[in-house]
Amino acid sequence: MAEETYSHEGPQCPHCGRQFTADEPHYYDEQGYTEDECDQCGNKFSVSVNHSVSWICDAIPSQEGK
């Protein structure tokens, strides 16, 4: 398997490809979620959590000239 994986769903084991879904609180631990052990193959892997933010802005019609 790959030495590194990248996923939008949650951690993915780089040893066997097992895809985890990040729906449990420990994935967002304030202390830092930095390591996991795959429940499928039993190998450990490091984890880096990346966050991204976007803003969507819509125009509000002007009230001038009523």
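Worth a mention:
- Restricting the first member to region 14-31 and to residues that are free of Cβ contacts under 8 Å to residues at least 24 places away in the same chain, and the second to residues that are open to solvent by 90 Å² or more (accessible area, probe 1.4 Å), the beta-carbon pairs closer than 8 Å and six or more apart or on different chains are Gly17/Met1; Arg18/Asp39; Arg18/Gln40; Gln19/Glu9; Phe20/Glu9; Thr21/Glu9; Ala22/Glu9; Ala22/Tyr28.
- Members of region 15-45 that are in a loop (DSSP other than H, G, I, E, B), open to solvent by 60 Å² or more (accessible area, probe 1.4 Å) and either more than 21 Å from Glu3 (Cβ to Cβ) or not basic (Lys, Arg) (or both): His15, Thr21, Asp23, Glu24, Asp29, Glu30, Gln31, Thr34, Asp39, Gln40, Asn43
- Test: residue in region 52-62 that is out of contact with any Gly (no Cβ under 8 Å at 6 or more places or on another chain) and open to solvent by less than 50 Å² (accessible area, probe 1.4 Å): no
The values are calculated or read from the model by the stated rules, or taken from the named source; none is laboratory data. Values in this document were obtained by computation on a predicted structure and should not be read as measured data. We place every Cβ from the backbone using ideal geometry, glycine too, and count neighbours over all the protein chains shown. When the accessible area is computed, the model is the full protein with side chains, heavy atoms only, and any ligands, DNA or RNA have been set aside. Shrake-Rupley method; radii C 1.70, N 1.55, O 1.52, S 1.80 Å.
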